[in-house]
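Data block below; observations after.
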Amino acid sequence: MTTARSNRVPALTRRAALAGIGGTGLALAGAGTAAAEGAATGNAVVPALPARAAFAPTPLAYLDNGSQHPLSLGGQAAIEAYLAKRRLDPAAQGHDLDEEGLLGKFARLINADPAEVTFVQSTTAAEQMIARALGLGGPGAPPAGAHVVTDTLHFFGSVPFYAELERQGVKVSWVRAVEGRIALADIAAALAGGATLVALSQVSTINGFKHDLKAVCDLAHAHGALVYADMIHAAGCIPVDVKASGVDFAACASYKWLMGDFGLGFLYARRAAWPRLQRAAYGYYGVDRFVPHIYPLDPPGTTIADYAFADNATGRFALGTHSHAVIAQLHHSLDWIMQTGVARIQAHAQDLLAPLRRELPRRGYPLLTPPESRTPLLTALCPDARSRIGPAMQAAGVKLTLSANRLRVTPSVQNTMADIERFLSALPRA
């Protein structure tokens, strides 16, 4: 008896979505949105920007997309189509997820081979899986000479992880930011003598600084190191080409610029780096062949079961179940992002940020984002930001990221210049 997963299924079509929702208003909203979003080119609809009609009306000037992106109406409709099947709606029983198809879509978004991409629970989970597969952070002492190079603009949630690796005996070199940037020369100095891994954020969540990823990878590879990039603030909002950069590993969750939700993300592992990895995951979802010898009518065998893991990223990293509702949603979201064009999405954000680059310093808020940055994150210094400007933003119905001593504006596809003007009108002088 050969056991295999049976949820490899065709992509969700508009007809299936409408049938699965059972004719509710959500279906009509999701389907009707497409016509309102832009003009048709051939069989595809190229959404117009700003894409207000693709999202539910809100009283907020929502400029916090870099924390979590609003759910689109089309994404909501896709989830409802999936849920209709789960609640056994007879009209929805033809709905299927097509998990492999979604991995293929994400692979196209970042220019990877589908075999190099798999699902993960979160960006943090992926980063730690890569470290363990390189012999870092697992049980026992780290390998001799284990050395990680990271920087102070990397995701702050990764700081405790690498601090713990230091306690376990791994050498960790922290490259410090200078004027909001990580200098390639400082990475080179940290790499002197070789390293196991360079871990960084392709785009920093702190201030939007973007690494020259190809330059970092060329440098790291010359010193025998592999490179992991957190691309949660890159995939979906700026062009990403993992083949051109040469990055070995990259990961992101889906609830930010991919317009997905919590609990599902993607891990990319370059095929050329697979021989350097130790197996650190033994999950059922990575099993490609499973023949047991313990149940009635099983074929005889000398083992409990004969099995093999798939020769791809899923076979190396997959564990157990993942969010099917988010898979359904992301089919819509990734299609929408690729139809719109990531370069157009990036340009739209830059148009909205341009007046803030001029006005924030004039009002006494020094920019922490380098002026050459073309990512959708703009950060300014604001001591005690939460209490200092938080009440004014709340009163004006403006939502942005307020940290202890920073404010961050992250516009996306649904935002208009009116949102920017509303933010500036509510912003007091420093």
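For region 182-237, the candidate set comprises residues that are touching a strand residue (DSSP E or B) at 6+ places or on another chain (Cβ under 7 Å) and of a type in the set (S, T, N, Q); within that set, the residue that is nearest to T410 (Cα to Cα) is N207.
The set of residues in region 273-320 being among the polar types (S, T, N, Q) and either in contact with a strand residue (DSSP E or B) (Cβ under 6 Å, 6 or more places away or on another chain) or touching a residue at least 60 places away in the same chain (Cβ under 8 Å) (or both) consists of Q278, N312, T314.
When V227 is tested against (1) in contact with a Cys (Cβ under 6 Å, 6 or more places away or on another chain); (2) in a loop (DSSP other than H, G, I, E, B); (3) of a type in the set (A, V, I, L, M, F, W, C), just one condition goes unmet, and that condition is (2). Among the residues of region 283-341, those identified as more than 19 Å from K105 (Cα to Cα) and among the polar types (S, T, N, Q) are T302, T303, T321. Filtering region 192-219 down to residues that are more than 23 Å from G157 (Cα to Cα) and among the hydrophobic types (A, V, I, L, M, F, W, C), which residue is surrounded by the most Cβ atoms within 10 Å (Cβ to Cβ)? In this case the residue turns out to be L219. Residues that are among the aromatic types (F, W, Y) and either out of contact with any helix residue (DSSP H, G or I) (no Cβ under 6 Å at 6 or more places or on another chain) or part of a helix (DSSP H, G or I) (or both): does region 237-250 have at least one? Checking region 237-250: not a single residue is among the aromatic types (F, W, Y) and either out of contact with any helix residue (DSSP H, G or I) (no Cβ under 6 Å at 6 or more places or on another chain) or part of a helix (DSSP H, G or I) (or both). Considering the conditions (1) more than 26 Å from T314 (Cβ to Cβ); (2) within 24 Å of the chain's Cα centre (by Cα), A133 is excluded by exactly one of them, (1). Of the residues contained in region 158-174, none is found to be within 24 Å of the chain's Cα centre (by Cα) and of a type in the set (D, E, K, R). Residues that are surrounded by fewer than 22 Cβ atoms within 10 Å (Cβ to Cβ) and either closer than 19 Å to S67 by Cα or more than 25 Å from the chain's Cα centre (by Cα) (or both) occur in region 368-378; there is at least one. Residues in region 43-77 that are aliphatic (A, V, I, L, M), more than 14 Å from G260 (Cα to Cα) and assigned to a loop (DSSP other than H, G, I, E, B): A48, L49, A51, A56, L60, L63. For L352, indicate whether it is assigned to a helix (DSSP H, G or I), out of contact with any strand residue (DSSP E or B) (no Cβ under 7 Å at 6 or more places or on another chain) and among the hydrophobic types (A, V, I, L, M, F, W, C). When the stated conditions are applied, L352 passes them. Filtered by the rule that a residue be part of a helix (DSSP H, G or I) and in contact with a Leu (Cβ under 7 Å, 6 or more places away or on another chain), region 370-391 gives A385, R386, I389, G390.
Of the residues screened, Y285 is not one that is among the aromatic types (F, W, Y), assigned to a loop (DSSP other than H, G, I, E, B) and crowded, with 18+ Cβ neighbours inside 10 Å.
If you go through region 358-365 one residue at a time, do you hit one that is exposed (fewer than 12 other Cβ atoms within 10 Å of the Cβ) and in a loop (DSSP other than H, G, I, E, B)? No - not one qualifying residue is present in region 358-365.
No lab work stands behind these numbers, since they all come straight from the coordinates. Note that this is a predicted model, so its numbers are computed, not measured. Virtual Cβ from ideal backbone geometry, glycine too; neighbours counted across all protein chains shown.
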